[in-house]
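Here the structure is laid out as structure tokens; the discussion comes afterwards.
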Amino acid sequence: VKDCCSGYNEGITGCQGDGTHVAGRIAAGNNNEVGISGSAGGTGSGDGVKIMTCQSFHPTDGRYDASSNATADAIKYAADNGAVICQNSWGYAAGSMSLDQWINQDRAVKEAIDYFIQYAGMSPDGQTQTGPMAGGLVLFAARNENSGKPRKPAP
């Protein structure tokens, strides 16, 4: 299983934040006397999850931002290269838009998410399961702002 972190990624030049931290907590090897165990890290013998980091955020005028196309490309790349779980530690400000507004504003990302859900873990023709599951699971950060309002693309 591979996990695509399409968000702020620590350890990658020019990025900062928690995307890689979240994935690392999942994939940390177990029983290695290091002091942390991941929920899917395995025994340290190569039997845990594998992490695929797809950088879509980049510095722009001192801020970290991503274009819809860069984000969509990262999500599609992950689906086409073996990822079946797409963990995203980013989202728009809570309550800033409805689902319909988000779809209209960020159609490329919506289509990439739909593509990932349908084709991750599948052969290039989309007919044969090649991964540990047929189709993918896409997760997003939600409620990071301590708000009761929905945050897109998470519910």
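The values are calculated or read from the model by the stated rules, or taken from the named source; none is laboratory data. Keep in mind that this is a model prediction, so the values were computed, not measured. Glycine also receives a Cβ, built like all others from the backbone with ideal geometry; neighbour counts cover every protein chain displayed. The area values use the complete protein model at the heavy-atom level, side chains included, leaving out ligands, DNA and RNA. Shrake-Rupley method; radii C 1.70, N 1.55, O 1.52, S 1.80 Å.
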(request) Could you check Asn69 against (1) under 26 Å from Val109 (Cα atoms); (2) surrounded by 15 or more Cβ atoms within 10 Å (Cβ to Cβ); (3) modelled with pLDDT of 55 or more and say which number it fails? (result) (2)
(message) All but one of (1) open to solvent by 20 Å² or more (accessible area, probe 1.4 Å); (2) part of a helix (DSSP H, G or I); (3) out of contact with any Lys or Arg (no Cβ under 8 Å at 6 or more places or on another chain) hold for Ala74; state the number of the condition that does not hold.
(response) (1)
(request) Determine the pairs where a residue that is more than 16 Å from Ser147 (Cβ to Cβ), located within region 93-109, has a partner that is surrounded by 12 or more Cβ atoms within 10 Å (Cβ to Cβ) and modelled with pLDDT of 85 or more with Cβ atoms under 7 Å apart, the partner being 6 or more residues away or on another chain. (result) Ile103/Lys110; Ala108/Ala72; Val109/Thr71; Val109/Ala72
(request) Can you confirm whether region 85-101 contains a residue that is of a type in the set (A, V, I, L, M, F, W, C), open to solvent by 30 Å² or more (accessible area, probe 1.4 Å) and under 21 Å from Lys50 (Cα atoms)? (result) yes
(request) Please find, among Thr128, Thr60, the residue that is loosely packed, with under 14 Cβ neighbours inside 10 Å, among the β-branched types (Val, Ile, Thr) and modelled with pLDDT under 90. (result) Thr60
(request) Give me a count of the residues in region 133-155 that are open to solvent by 60 Å² or more (accessible area, probe 1.4 Å), assigned to a loop (DSSP other than H, G, I, E, B) and within 20 Å of Val22 (Cβ to Cβ). (result) 5
(message) Could you check region 85-120 and list, in sequence order, the residues that are assigned to a loop (DSSP other than H, G, I, E, B) and either at pLDDT 95 or above or among the basic types (Lys, Arg) (or both)?
(response) Ala120
